[in-house]
Amino acid sequence: MSYEVLSRKYRPKSFNELVGQKHVSQTLSNAIKLNRIAHSYLFAGLRGTGKTTAARIMAKELNQSDVSKISSGSDLDVIELDGASNRGIDEIRDLKESVKYPPVSGKYKIYIIDEVHMLTNEAFNALLKTLEEPPSYVVFILATTDPFKLPTTILSRSQRFEFRSLSKTEIHQHLKFVLTEEGLKSDEESLNAISVHSGGSMRDALSLLDQVIAFSNGDIELSLVEEMLGSISQESLMEILLNIYNGKI
(Lines give C-alpha, C1' and ligand atoms only; values in the text may rest on other atoms or scores of the structure.)
Protein backbone atom coordinates (compact mmCIF):
# COMPACT_ATOMS: atom_id res chain seq x y z
CA MET A 1 0.00 0.00 0.00
CA SER A 2 1.35 3.45 -0.95
CA TYR A 3 2.26 5.93 1.76
CA GLU A 4 -0.39 8.51 2.65
CA VAL A 5 0.93 11.89 3.75
CA LEU A 6 -0.08 13.01 7.24
CA SER A 7 -2.15 15.98 6.05
CA ARG A 8 -4.42 13.59 4.13
CA LYS A 9 -4.32 10.70 6.57
CA TYR A 10 -5.45 12.90 9.47
CA ARG A 11 -7.82 15.13 7.53
CA PRO A 12 -10.94 15.71 9.68
CA LYS A 13 -14.03 13.70 8.73
CA SER A 14 -16.49 15.46 11.05
CA PHE A 15 -17.03 18.93 12.51
CA ASN A 16 -15.85 17.63 15.92
CA GLU A 17 -12.44 16.85 14.44
CA LEU A 18 -11.97 20.30 12.88
CA VAL A 19 -9.19 21.95 14.89
CA GLY A 20 -9.41 25.59 15.96
CA GLN A 21 -12.59 26.57 14.11
CA LYS A 22 -15.30 25.97 16.72
CA HIS A 23 -17.17 29.14 15.71
CA VAL A 24 -17.56 27.66 12.22
CA SER A 25 -18.24 24.02 13.07
CA GLN A 26 -20.78 24.81 15.80
CA THR A 27 -22.72 27.29 13.65
CA LEU A 28 -22.87 24.98 10.65
CA SER A 29 -23.78 21.94 12.75
CA ASN A 30 -26.65 23.83 14.38
CA ALA A 31 -27.84 25.20 11.03
CA ILE A 32 -28.07 21.66 9.65
CA LYS A 33 -29.92 20.40 12.75
CA LEU A 34 -32.39 23.29 12.55
CA ASN A 35 -32.73 22.92 8.78
CA ARG A 36 -31.68 26.54 8.27
CA ILE A 37 -29.64 25.98 5.12
CA ALA A 38 -28.51 28.93 3.00
CA HIS A 39 -28.03 28.59 -0.75
CA SER A 40 -24.51 30.03 -0.69
CA TYR A 41 -21.67 29.98 1.85
CA LEU A 42 -18.29 31.67 1.69
CA PHE A 43 -15.38 30.17 3.63
CA ALA A 44 -12.48 32.64 3.83
CA GLY A 45 -9.10 32.38 5.52
CA LEU A 46 -5.44 31.47 5.40
CA ARG A 47 -4.37 28.38 3.45
CA GLY A 48 -4.43 25.13 5.38
CA THR A 49 -6.94 26.21 8.03
CA GLY A 50 -9.72 23.80 7.03
CA LYS A 51 -11.88 25.59 4.45
CA THR A 52 -12.13 22.82 1.86
CA THR A 53 -12.25 20.19 4.58
CA ALA A 54 -15.18 21.98 6.26
CA ALA A 55 -16.94 22.25 2.90
CA ARG A 56 -16.66 18.48 2.38
CA ILE A 57 -17.82 17.77 5.92
CA MET A 58 -20.83 20.03 5.41
CA ALA A 59 -21.65 18.27 2.13
CA LYS A 60 -21.43 14.94 3.96
CA GLU A 61 -23.73 16.13 6.74
CA LEU A 62 -26.27 17.68 4.37
CA ASN A 63 -26.62 14.50 2.32
CA GLN A 64 -25.75 11.93 5.01
CA SER A 65 -23.00 10.79 2.68
CA ASP A 66 -19.43 9.49 3.03
CA VAL A 67 -16.70 12.13 3.19
CA SER A 68 -14.21 9.76 1.54
CA LYS A 69 -16.51 9.45 -1.50
CA ILE A 70 -16.73 13.23 -1.65
CA SER A 71 -12.94 13.62 -1.41
CA SER A 72 -12.38 11.09 -4.20
CA GLY A 73 -14.97 12.73 -6.46
CA SER A 74 -17.18 9.65 -6.63
CA ASP A 75 -20.21 11.32 -5.00
CA LEU A 76 -22.37 12.43 -7.94
CA ASP A 77 -24.24 14.99 -5.83
CA VAL A 78 -21.10 16.89 -4.79
CA ILE A 79 -19.24 18.74 -7.54
CA GLU A 80 -15.85 20.28 -6.73
CA LEU A 81 -14.28 22.93 -8.95
CA ASP A 82 -10.86 24.54 -8.66
CA GLY A 83 -11.35 28.22 -9.42
CA ALA A 84 -7.71 28.57 -10.47
CA SER A 85 -7.96 26.04 -13.31
CA ASN A 86 -11.70 26.36 -14.09
CA ARG A 87 -11.92 30.13 -14.04
CA GLY A 88 -13.57 30.95 -17.37
CA ILE A 89 -17.15 31.61 -18.39
CA ASP A 90 -17.40 28.29 -20.26
CA GLU A 91 -16.89 26.31 -17.05
CA ILE A 92 -19.51 28.38 -15.24
CA ARG A 93 -21.92 27.91 -18.13
CA ASP A 94 -21.45 24.14 -17.78
CA LEU A 95 -22.13 24.52 -14.06
CA LYS A 96 -25.31 26.50 -14.74
CA GLU A 97 -26.48 23.77 -17.09
CA SER A 98 -25.86 21.00 -14.53
CA VAL A 99 -27.73 22.97 -11.84
CA LYS A 100 -30.96 22.25 -13.72
CA TYR A 101 -30.72 18.55 -12.86
CA PRO A 102 -31.77 17.44 -9.33
CA PRO A 103 -29.49 15.38 -7.03
CA VAL A 104 -29.09 11.69 -7.80
CA SER A 105 -29.45 10.22 -4.30
CA GLY A 106 -28.99 12.98 -1.71
CA LYS A 107 -31.23 15.81 -0.62
CA TYR A 108 -28.96 18.50 -2.07
CA LYS A 109 -26.75 19.07 -5.07
CA ILE A 110 -23.67 20.77 -3.65
CA TYR A 111 -21.08 22.79 -5.55
CA ILE A 112 -17.74 23.44 -3.84
CA ILE A 113 -15.67 26.07 -5.67
CA ASP A 114 -12.16 26.35 -4.24
CA GLU A 115 -10.05 29.50 -4.77
CA VAL A 116 -13.18 31.17 -6.09
CA HIS A 117 -11.43 34.57 -6.25
CA MET A 118 -9.56 33.30 -9.33
CA LEU A 119 -12.68 33.35 -11.51
CA THR A 120 -12.83 35.93 -14.30
CA ASN A 121 -15.25 38.86 -14.17
CA GLU A 122 -17.35 37.23 -16.89
CA ALA A 123 -17.50 34.00 -14.89
CA PHE A 124 -18.52 35.91 -11.74
CA ASN A 125 -21.32 37.63 -13.64
CA ALA A 126 -22.58 34.30 -14.94
CA LEU A 127 -22.36 32.72 -11.47
CA LEU A 128 -24.22 35.66 -9.91
CA LYS A 129 -27.41 34.90 -11.79
CA THR A 130 -27.38 31.34 -10.49
CA LEU A 131 -26.68 32.50 -6.92
CA GLU A 132 -29.61 34.91 -7.04
CA GLU A 133 -32.26 32.31 -7.81
CA PRO A 134 -30.90 28.77 -7.44
CA PRO A 135 -33.16 25.70 -7.36
CA SER A 136 -34.20 24.70 -3.83
CA TYR A 137 -31.93 21.64 -3.89
CA VAL A 138 -28.70 23.53 -4.73
CA VAL A 139 -26.08 24.68 -2.19
CA PHE A 140 -22.91 26.56 -3.14
CA ILE A 141 -19.85 26.53 -0.88
CA LEU A 142 -17.20 29.01 -2.03
CA ALA A 143 -13.70 28.92 -0.54
CA THR A 144 -11.03 31.59 -0.85
CA THR A 145 -7.77 32.82 0.64
CA ASP A 146 -8.47 36.30 -0.75
CA PRO A 147 -12.08 37.43 -0.20
CA PHE A 148 -11.19 41.04 -1.07
CA LYS A 149 -10.95 40.02 -4.72
CA LEU A 150 -14.58 38.90 -4.79
CA PRO A 151 -17.28 41.21 -6.18
CA THR A 152 -19.57 42.69 -3.52
CA THR A 153 -22.51 41.16 -5.37
CA ILE A 154 -21.14 37.68 -4.62
CA LEU A 155 -20.27 38.57 -1.02
CA SER A 156 -23.72 39.95 -0.29
CA ARG A 157 -25.41 36.74 -1.45
CA SER A 158 -23.31 34.39 0.68
CA GLN A 159 -23.11 33.59 4.38
CA ARG A 160 -19.50 34.37 5.24
CA PHE A 161 -17.37 32.36 7.67
CA GLU A 162 -13.86 33.48 8.61
CA PHE A 163 -11.39 30.67 9.24
CA ARG A 164 -8.79 32.03 11.63
CA SER A 165 -5.12 31.17 11.79
CA LEU A 166 -4.47 28.41 14.29
CA SER A 167 -2.55 29.17 17.46
CA LYS A 168 0.81 27.61 18.23
CA THR A 169 -0.81 25.67 21.10
CA GLU A 170 -3.57 24.23 18.88
CA ILE A 171 -1.06 23.10 16.27
CA HIS A 172 1.31 21.73 18.93
CA GLN A 173 -1.43 19.63 20.53
CA HIS A 174 -2.58 18.22 17.20
CA LEU A 175 0.97 17.33 16.14
CA LYS A 176 1.40 15.53 19.47
CA PHE A 177 -1.81 13.58 18.79
CA VAL A 178 -0.62 12.62 15.30
CA LEU A 179 2.76 11.42 16.57
CA THR A 180 1.04 9.30 19.23
CA GLU A 181 -1.16 7.73 16.56
CA GLU A 182 1.94 7.06 14.44
CA GLY A 183 3.79 5.49 17.37
CA LEU A 184 6.49 8.18 17.37
CA LYS A 185 7.84 10.51 20.06
CA SER A 186 9.21 14.03 20.08
CA ASP A 187 10.35 16.59 22.62
CA GLU A 188 8.19 19.66 23.27
CA GLU A 189 10.77 22.06 21.83
CA SER A 190 10.73 20.29 18.44
CA LEU A 191 6.96 20.51 18.19
CA ASN A 192 7.12 24.16 19.27
CA ALA A 193 9.58 24.91 16.47
CA ILE A 194 7.35 23.24 13.85
CA SER A 195 4.24 24.97 15.23
CA VAL A 196 5.86 28.41 15.01
CA HIS A 197 7.28 27.77 11.53
CA SER A 198 3.87 26.68 10.15
CA GLY A 199 2.50 30.22 10.42
CA GLY A 200 -0.94 29.20 11.66
CA SER A 201 -1.59 26.62 8.92
CA MET A 202 -2.33 23.07 10.08
CA ARG A 203 -1.66 21.64 6.63
CA ASP A 204 1.77 23.31 6.54
CA ALA A 205 2.49 22.01 10.05
CA LEU A 206 1.67 18.42 9.08
CA SER A 207 3.73 18.71 5.89
CA LEU A 208 6.68 19.95 7.94
CA LEU A 209 6.21 17.11 10.42
CA ASP A 210 6.27 14.64 7.53
CA GLN A 211 9.59 16.09 6.37
CA VAL A 212 11.05 16.12 9.88
CA ILE A 213 10.15 12.45 10.42
CA ALA A 214 11.88 11.52 7.16
CA PHE A 215 14.91 13.74 7.82
CA SER A 216 15.40 12.45 11.39
CA ASN A 217 14.55 8.84 10.52
CA GLY A 218 11.79 8.94 13.14
CA ASP A 219 14.10 10.10 15.94
CA ILE A 220 12.89 13.70 16.27
CA GLU A 221 15.24 16.10 18.08
CA LEU A 222 15.29 19.90 18.19
CA SER A 223 18.74 20.19 16.57
CA LEU A 224 17.56 18.14 13.58
CA VAL A 225 14.34 20.13 13.30
CA GLU A 226 16.26 23.42 13.34
CA GLU A 227 18.70 22.09 10.76
CA MET A 228 15.89 21.04 8.44
CA LEU A 229 13.93 24.27 8.91
CA GLY A 230 17.04 26.40 8.57
CA SER A 231 16.29 28.08 11.90
CA ILE A 232 18.28 28.63 15.08
CA SER A 233 17.45 28.01 18.72
CA GLN A 234 16.14 30.76 21.01
CA GLU A 235 19.29 30.36 23.13
CA SER A 236 21.56 30.98 20.15
CA LEU A 237 19.49 33.96 19.07
CA MET A 238 19.64 35.49 22.56
CA GLU A 239 23.42 34.96 22.65
CA ILE A 240 23.80 36.82 19.35
CA LEU A 241 21.59 39.69 20.52
CA LEU A 242 23.44 40.00 23.84
CA ASN A 243 26.80 40.08 22.06
CA ILE A 244 25.53 42.82 19.75
CA TYR A 245 24.14 44.77 22.71
CA ASN A 246 27.47 44.47 24.56
CA GLY A 247 29.43 45.52 21.48
CA LYS A 248 31.06 42.12 21.01
CA ILE A 249 30.69 42.15 17.25
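Any aspartates and glutamates with Cα under 20 Å of the K69 Cα? List them, leaving off those in the same chain fewer than 8 positions away.
Answer for K69, where 20 Å is the Cα cut-off: E4, E17, E61, D77, E80, D82, D114, listed by chain and number.
Considering amide H positions built from the backbone, and no H for Pro or chain starts, which residues 5 or more places from E80, or on another chain, come under 5 Å of its amide H?
Amide H neighbours of E80, under 5 Å, 5+ apart: I112.
In Å², and per residue, what accessible area does the chain have when probed at 1.4 Å with the other protein chains present? All intermediate terms of the calculation are to be shown ahead of the outcome.
Working: 13610 Å² over 249 residues.
For the chain, the solvent-accessible area averages 55 Å² per residue.
Hey, any idea what % of the range 1-70's accessible area is carbon plus sulfur with a 1.4 Å probe?
47 percent
Would you mind computing, in nm to one decimal, how far apart the modelled labels at E181 and K100 are, each placed 7 Å from Cα along Cα→Cβ?
4.4 nm
About the Cα centre, and with charges only on the beta carbon of Lys, Arg (+1) and Asp, Glu (-1), how big is the dipole of the range 1-151? Nearest 20 debye, please.
Rounded to the nearest 20 debye, it is 540 debye.
Hey, what do the phi angles of the range 8-20 turn into as Karplus ³J(HN,Hα) couplings, whole Hz, using 6.51/-1.76/1.60 and θ = phi - 60°, x for Gly and Pro?
8, 4, 10, 5, x, 10, 8, 4, 5, 8, 6, 7, x
As a test of the formula, what do you get for the chain when each DSSP H run with n ≥ 4 contributes -39,500 (n - 2.57) and the sum is divided by the residue count, at 222 nm and rounded to the nearest 500 deg cm²/dmol? Walk me through the numbers on the way to the answer.
Numbers: 12 runs with 122 residues, N = 249.
Value at 222 nm, helices only: -14500 deg cm²/dmol.
Identify which of N16, N35, N63 has the largest mean-square fluctuation in a Gaussian network model of the chain, with springs joining Cα atoms closer than 10 Å.
It is N35.
For L142, what residues show an amide H to amide H distance below 5 Å, using hydrogens built from the backbone and excluding near sequence neighbours?
Distant-sequence amide H within range of L142: Y41, L42, F43, I113.
If the only charges are +1 at each Lys and Arg Cβ and -1 at each Asp and Glu Cβ, what is the size of the charge dipole of the range 155-249 around the Cα centre, to the nearest 20 debye? Mind showing how you got there, number by number?
On the way: 8 positive and 15 negative charges, 136 e Å.
Here the size comes out at about 660 debye.
Please check: in the Gaussian network model of the chain (C-alpha springs, under 10 Å), which one of Y101, Y111, Y137 has the largest mean-square fluctuation.
Top of the fluctuation ranking is Y101.
On a 28 Å Cα-Cα criterion, which of the cross-link pairs K60/K100; K9/K168; K129/K149; K9/K129 come out too long?
Beyond 28 Å between Cα atoms: K9/K129.
Could you work out which residue, out of S72, S195, S25, moves most in a Gaussian network model of the chain, that is, has the largest mean-square fluctuation with Cα springs under 10 Å?
Maximum among the listed residues: S72.
Rounded if a/c is under 1.5, else prolate if a/b beats b/c, else oblate: with a ≥ b ≥ c from the C-alpha gyration tensor eigenvalues square-rooted, which is the range 139-249?
Values: a/c = 3.34, a/b = 1.59, b/c = 2.10.
Oblate is the answer for the range 139-249, as a/c is 1.5 or above yet b/c matches or exceeds a/b.
Hey, any idea what % of the range 109-249's accessible area is carbon plus sulfur with a 1.4 Å probe? If you can, show how the numbers build up before the last one.
Details: 3960 of 7640 Å².
C and S fraction of accessible area: 52 percent.
The values are calculated or read from the model by the stated rules, or taken from the named source; none is laboratory data. The model shown is predicted, which means the values in this text are computed figures rather than measured ones. Backbone-built Cβ (ideal geometry, glycine too); neighbour counts: all protein chains shown. Just so you know, the surface numbers come from the protein's heavy atoms only, side chains and all, with ligands and any DNA or RNA stripped out. Shrake-Rupley method; radii C 1.70, N 1.55, O 1.52, S 1.80 Å.
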